[in-house]
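This report concerns only the one structure given below.
The values are calculated or read from the model by the stated rules, or taken from the named source; none is laboratory data. It should be emphasised that the depicted structure is a prediction, and the values quoted were computed from it without experimental measurement. Cβ atoms come from the backbone with ideal geometry, glycine included; neighbour counts cover every protein chain shown. Note: areas computed on protein heavy atoms with side chains; ligands, DNA, RNA excluded. Shrake-Rupley method; radii C 1.70, N 1.55, O 1.52, S 1.80 Å.
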Amino acid sequence: MADFYSAEQRQLQDAFGTRGLADALHGNVLRRALAPMDRKFIAASDFFFLSTVDHRGYPTVSYKGGFPGFVQMPDDRTLCFPVYDGNGMFLSAGNIAGTSKVGLLFIDFTQPRRLRLQGTASLVTDEAQLADVPEALMLVQVELEAIFTNCPRYIHGYQRTGSSEYVPADGANMPVPEWKRVDYLQEQLPPKDREAARKAGEVITEAEYRKHFWKGLE
(Lines give C-alpha, C1' and ligand atoms only; values in the text may rest on other atoms or scores of the structure.)
Protein backbone atom coordinates (compact mmCIF):
# COMPACT_ATOMS: atom_id res chain seq x y z
CA MET A 1 0.00 0.00 0.00
CA ALA A 2 2.95 2.30 0.65
CA ASP A 3 3.43 3.15 -3.03
CA PHE A 4 -0.16 2.75 -4.25
CA TYR A 5 -1.52 6.04 -2.92
CA SER A 6 0.26 9.29 -3.72
CA ALA A 7 0.86 12.04 -1.18
CA GLU A 8 -1.83 14.11 -2.90
CA GLN A 9 -4.35 11.28 -2.71
CA ARG A 10 -3.54 10.83 0.96
CA GLN A 11 -4.10 14.55 1.59
CA LEU A 12 -7.55 14.36 0.00
CA GLN A 13 -8.39 11.19 1.93
CA ASP A 14 -7.45 12.94 5.14
CA ALA A 15 -9.37 16.07 4.18
CA PHE A 16 -12.56 14.07 3.61
CA GLY A 17 -11.97 11.53 6.36
CA THR A 18 -11.63 8.49 4.07
CA ARG A 19 -8.06 7.29 4.73
CA GLY A 20 -9.29 4.27 6.70
CA LEU A 21 -11.88 3.48 4.01
CA ALA A 22 -9.21 3.75 1.29
CA ASP A 23 -6.92 1.41 3.23
CA ALA A 24 -9.72 -1.10 3.77
CA LEU A 25 -10.62 -1.09 0.08
CA HIS A 26 -6.98 -1.49 -0.90
CA GLY A 27 -6.60 -4.46 1.39
CA ASN A 28 -9.82 -6.21 0.41
CA VAL A 29 -10.62 -5.20 -3.18
CA LEU A 30 -7.33 -4.62 -4.98
CA ARG A 31 -5.60 -7.71 -6.39
CA ARG A 32 -2.75 -8.54 -8.77
CA ALA A 33 -4.19 -11.64 -10.45
CA LEU A 34 -7.45 -12.09 -12.32
CA ALA A 35 -10.17 -13.77 -10.27
CA PRO A 36 -12.60 -16.19 -11.98
CA MET A 37 -15.34 -13.56 -12.25
CA ASP A 38 -12.84 -11.01 -13.63
CA ARG A 39 -11.98 -13.47 -16.39
CA LYS A 40 -15.64 -14.19 -17.13
CA PHE A 41 -16.47 -10.48 -17.34
CA ILE A 42 -13.54 -9.70 -19.66
CA ALA A 43 -14.22 -12.72 -21.87
CA ALA A 44 -17.80 -11.54 -22.44
CA SER A 45 -16.83 -7.92 -23.12
CA ASP A 46 -16.84 -6.47 -26.63
CA PHE A 47 -15.27 -3.13 -25.67
CA PHE A 48 -13.19 -1.34 -23.07
CA PHE A 49 -11.51 2.03 -22.59
CA LEU A 50 -7.72 2.20 -22.75
CA SER A 51 -5.68 4.94 -21.08
CA THR A 52 -2.06 5.55 -22.06
CA VAL A 53 0.44 8.33 -21.29
CA ASP A 54 2.29 10.31 -23.95
CA HIS A 55 5.81 11.74 -23.97
CA ARG A 56 4.54 15.02 -22.48
CA GLY A 57 2.82 13.30 -19.57
CA TYR A 58 -0.69 13.78 -20.98
CA PRO A 59 -3.12 10.86 -20.83
CA THR A 60 -4.81 9.59 -23.99
CA VAL A 61 -8.05 7.64 -23.60
CA SER A 62 -9.21 5.41 -26.42
CA TYR A 63 -12.20 3.16 -27.06
CA LYS A 64 -11.27 -0.39 -28.06
CA GLY A 65 -13.95 -2.63 -29.52
CA GLY A 66 -14.28 -6.07 -31.06
CA PHE A 67 -16.31 -9.21 -30.78
CA PRO A 68 -16.66 -10.81 -27.33
CA GLY A 69 -13.42 -12.64 -26.64
CA PHE A 70 -11.19 -10.18 -28.52
CA VAL A 71 -9.33 -9.59 -25.24
CA GLN A 72 -7.37 -12.74 -24.51
CA MET A 73 -6.07 -13.85 -21.11
CA PRO A 74 -3.08 -16.19 -21.52
CA ASP A 75 -2.80 -16.41 -17.74
CA ASP A 76 -4.10 -14.70 -14.60
CA ARG A 77 -1.55 -11.87 -14.81
CA THR A 78 -1.66 -11.12 -18.54
CA LEU A 79 -4.06 -9.57 -21.07
CA CYS A 80 -3.63 -9.43 -24.83
CA PHE A 81 -5.72 -7.52 -27.37
CA PRO A 82 -5.41 -6.53 -31.07
CA VAL A 83 -4.60 -3.18 -32.58
CA TYR A 84 -6.84 -2.78 -35.63
CA ASP A 85 -6.65 -0.28 -38.47
CA GLY A 86 -7.25 3.25 -37.20
CA ASN A 87 -6.54 6.78 -38.32
CA GLY A 88 -2.81 6.24 -38.74
CA MET A 89 -1.82 8.42 -35.79
CA PHE A 90 -0.97 5.44 -33.54
CA LEU A 91 -1.46 7.53 -30.42
CA SER A 92 -2.13 4.66 -28.02
CA ALA A 93 0.37 2.25 -29.60
CA GLY A 94 3.04 4.96 -29.74
CA ASN A 95 2.43 5.84 -26.11
CA ILE A 96 2.77 2.19 -25.15
CA ALA A 97 6.06 1.94 -27.03
CA GLY A 98 7.29 5.08 -25.27
CA THR A 99 5.96 4.95 -21.72
CA SER A 100 4.32 1.50 -21.36
CA LYS A 101 2.02 2.28 -18.42
CA VAL A 102 -1.68 1.66 -19.16
CA GLY A 103 -5.07 1.65 -17.51
CA LEU A 104 -8.08 -0.34 -18.74
CA LEU A 105 -11.72 0.22 -17.83
CA PHE A 106 -14.32 -2.46 -18.60
CA ILE A 107 -17.97 -1.45 -18.21
CA ASP A 108 -21.22 -3.38 -18.44
CA PHE A 109 -24.11 -0.99 -19.06
CA THR A 110 -26.85 -3.65 -19.05
CA GLN A 111 -26.03 -5.02 -15.61
CA PRO A 112 -24.13 -2.09 -14.14
CA ARG A 113 -20.60 -3.06 -13.13
CA ARG A 114 -17.07 -1.97 -13.92
CA LEU A 115 -13.59 -3.35 -13.60
CA ARG A 116 -10.37 -1.33 -13.56
CA LEU A 117 -6.95 -2.71 -14.44
CA GLN A 118 -3.47 -1.19 -14.49
CA GLY A 119 -0.31 -2.65 -15.91
CA THR A 120 2.76 -2.42 -18.08
CA ALA A 121 2.14 -2.91 -21.79
CA SER A 122 4.27 -3.85 -24.78
CA LEU A 123 3.65 -4.19 -28.52
CA VAL A 124 3.78 -7.62 -30.16
CA THR A 125 4.52 -7.76 -33.89
CA ASP A 126 5.45 -11.44 -34.20
CA GLU A 127 3.79 -12.77 -37.37
CA ALA A 128 3.07 -16.16 -35.83
CA GLN A 129 1.07 -14.56 -33.03
CA LEU A 130 -0.73 -12.21 -35.43
CA ALA A 131 -1.74 -15.02 -37.78
CA ASP A 132 -4.73 -16.05 -35.67
CA VAL A 133 -6.10 -12.51 -35.25
CA PRO A 134 -7.81 -11.26 -38.45
CA GLU A 135 -6.71 -7.78 -39.59
CA ALA A 136 -4.61 -7.10 -36.49
CA LEU A 137 -1.72 -4.73 -37.17
CA MET A 138 -0.11 -5.74 -33.89
CA LEU A 139 -1.06 -6.97 -30.45
CA VAL A 140 -0.80 -5.27 -27.08
CA GLN A 141 0.29 -7.45 -24.19
CA VAL A 142 -0.35 -6.13 -20.69
CA GLU A 143 1.38 -7.46 -17.61
CA LEU A 144 -1.15 -6.69 -14.87
CA GLU A 145 -0.14 -4.94 -11.68
CA ALA A 146 -3.46 -3.85 -10.13
CA ILE A 147 -7.03 -5.08 -10.60
CA PHE A 148 -10.06 -3.81 -8.75
CA THR A 149 -13.82 -3.60 -9.10
CA ASN A 150 -15.55 -0.23 -8.77
CA CYS A 151 -18.93 0.82 -7.41
CA PRO A 152 -21.30 0.95 -10.44
CA ARG A 153 -23.91 3.30 -8.98
CA TYR A 154 -23.35 6.14 -11.48
CA ILE A 155 -23.36 3.93 -14.58
CA HIS A 156 -26.30 4.75 -16.84
CA GLY A 157 -28.28 1.87 -18.26
CA TYR A 158 -27.98 1.31 -22.02
CA GLN A 159 -29.14 -1.52 -24.24
CA ARG A 160 -26.70 -3.12 -26.66
CA THR A 161 -28.05 -3.24 -30.21
CA GLY A 162 -25.27 -5.08 -32.05
CA SER A 163 -21.63 -5.21 -33.06
CA SER A 164 -19.98 -2.61 -35.27
CA GLU A 165 -19.90 -3.56 -38.93
CA TYR A 166 -16.27 -2.46 -38.97
CA VAL A 167 -15.01 -5.09 -36.51
CA PRO A 168 -12.66 -7.41 -38.42
CA ALA A 169 -13.87 -10.94 -38.99
CA ASP A 170 -12.30 -13.85 -40.83
CA GLY A 171 -13.29 -13.72 -44.51
CA ALA A 172 -15.48 -10.63 -44.10
CA ASN A 173 -15.21 -7.49 -46.22
CA MET A 174 -15.47 -4.54 -43.86
CA PRO A 175 -16.84 -1.26 -45.23
CA VAL A 176 -14.54 1.72 -45.71
CA PRO A 177 -14.95 4.35 -42.97
CA GLU A 178 -16.37 7.56 -44.38
CA TRP A 179 -13.46 9.74 -43.22
CA LYS A 180 -11.17 7.90 -45.63
CA ARG A 181 -13.16 9.41 -48.51
CA VAL A 182 -12.43 13.01 -47.45
CA ASP A 183 -10.75 14.87 -50.31
CA TYR A 184 -7.67 16.34 -48.62
CA LEU A 185 -6.65 12.93 -47.23
CA GLN A 186 -6.60 11.00 -50.50
CA GLU A 187 -2.95 11.58 -51.35
CA GLN A 188 -1.90 10.73 -47.80
CA LEU A 189 -3.71 7.41 -47.52
CA PRO A 190 -1.66 4.23 -47.90
CA PRO A 191 -2.15 2.79 -51.43
CA LYS A 192 -4.38 -0.03 -50.19
CA ASP A 193 -6.69 2.39 -48.37
CA ARG A 194 -6.71 4.83 -51.28
CA GLU A 195 -7.92 2.15 -53.67
CA ALA A 196 -10.56 0.92 -51.21
CA ALA A 197 -11.79 4.48 -50.69
CA ARG A 198 -12.01 5.03 -54.45
CA LYS A 199 -14.18 1.92 -54.83
CA ALA A 200 -16.37 2.93 -51.87
CA GLY A 201 -17.79 6.02 -53.53
CA GLU A 202 -17.24 9.62 -54.50
CA VAL A 203 -14.71 11.74 -52.68
CA ILE A 204 -16.39 14.02 -50.13
CA THR A 205 -15.41 17.32 -48.58
CA GLU A 206 -14.48 17.74 -44.94
CA ALA A 207 -17.63 19.82 -44.47
CA GLU A 208 -19.76 16.95 -45.78
CA TYR A 209 -18.02 14.52 -43.46
CA ARG A 210 -18.47 16.82 -40.44
CA LYS A 211 -22.15 17.29 -41.25
CA HIS A 212 -22.67 13.54 -41.19
CA PHE A 213 -20.50 13.11 -38.08
CA TRP A 214 -22.61 15.60 -36.11
CA LYS A 215 -25.93 14.43 -37.54
CA GLY A 216 -28.68 14.64 -34.95
CA LEU A 217 -27.05 17.47 -32.99
CA GLU A 218 -28.04 20.28 -35.32
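Structure values in brief
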{"quantity": "Amide proton proximity set for ARG113, modelled H, under 5 Å, gap of 5+", "calculated": "ASP108"}
{"quantity": "THR78 paired with TYR154, simple spin-label distance in nm, labels 7 Å along Cα-to-beta-carbon", "calculated": "3.6 nm"}
{"quantity": "Loop-resident sites, region 175-218, for trypsin sites (Lys or Arg not before Pro), counting at most 16 other Cβ within 10 Å (DSSP)", "calculated": "LYS215"}
{"quantity": "Chymotrypsin sites (Phe, Trp or Tyr not before Pro) restricted to DSSP loop in region 58-131 with at most 16 other C-beta within 10 Å", "calculated": "PHE90, PHE109"}
{"quantity": "Rounded to whole Hz, the Karplus (6.51, -1.76, 1.60) HN-Hα couplings of region 42-57, x for glycine and proline", "calculated": "5, 4, 8, 7, 10, 6, 7, 10, 10, 10, 10, 10, 8, 5, 9, x"}
{"quantity": "Debye intensity ratio I(q)/I(0), log10, region 50-112, q values 0.12, 0.18, 0.30 Å⁻¹ (C-alpha model)", "calculated": "-0.35, -0.77, -1.38"}
{"quantity": "Cα shape, region 1-91, gyration tensor, a/c 1.5 rule", "calculated": "oblate"}
{"quantity": "C-alpha long axis of helix 191-200 to longest principal axis of the chain, angle in °", "calculated": "70 degrees"}
{"quantity": "The chain: angle of helix 19-28 to the longest principal axis, Cα-based, in degrees nearest 10", "calculated": "70 degrees"}
{"quantity": "LEU21 versus PHE90: modelled label distance in nm, points set 7 Å from Cα along the beta carbon direction", "calculated": "4.4 nm"}
{"quantity": "Förster radius 35 Å - calculated FRET efficiency between LYS211 and SER100, Cβ distance, rounded to 0.05", "calculated": "0.35"}
{"quantity": "Estimated Rh, region 68-218: Kirkwood, alpha-carbon pairs, angstrom", "calculated": "18.3 Å"}
{"quantity": "Most mobile of ALA128, ALA15, ALA44 in a GNM of the chain (Cα contacts under 10 Å)", "calculated": "ALA15"}
{"quantity": "Projected-area average for region 149-218 over all orientations - Cα convex hull basis, square nanometres", "calculated": "8.4 nm²"}
{"quantity": "Label-to-label distance, nm, for residues given as THR60 and ASP132 (7 Å Cα→Cβ offset)", "calculated": "2.9 nm"}
{"quantity": "Loop chymotrypsin sites (Phe, Trp or Tyr not before Pro), region 131-218, which have at most 16 other Cβ atoms in a 10 Å radius of their Cβ (DSSP)", "calculated": "TYR154, TYR158, TYR166, TRP214"}
{"quantity": "In sequence order, calculated HN-Hα J values of region 99-109 (Karplus, 6.51, -1.76, 1.60; Hz; x Gly/Pro)", "calculated": "10, 6, 7, 9, x, 10, 10, 9, 10, 10, 8"}
{"quantity": "Residue-normalised accessible area of region 123-175, given per residue in Å² at a 1.4 Å probe", "calculated": "70 Å²"}
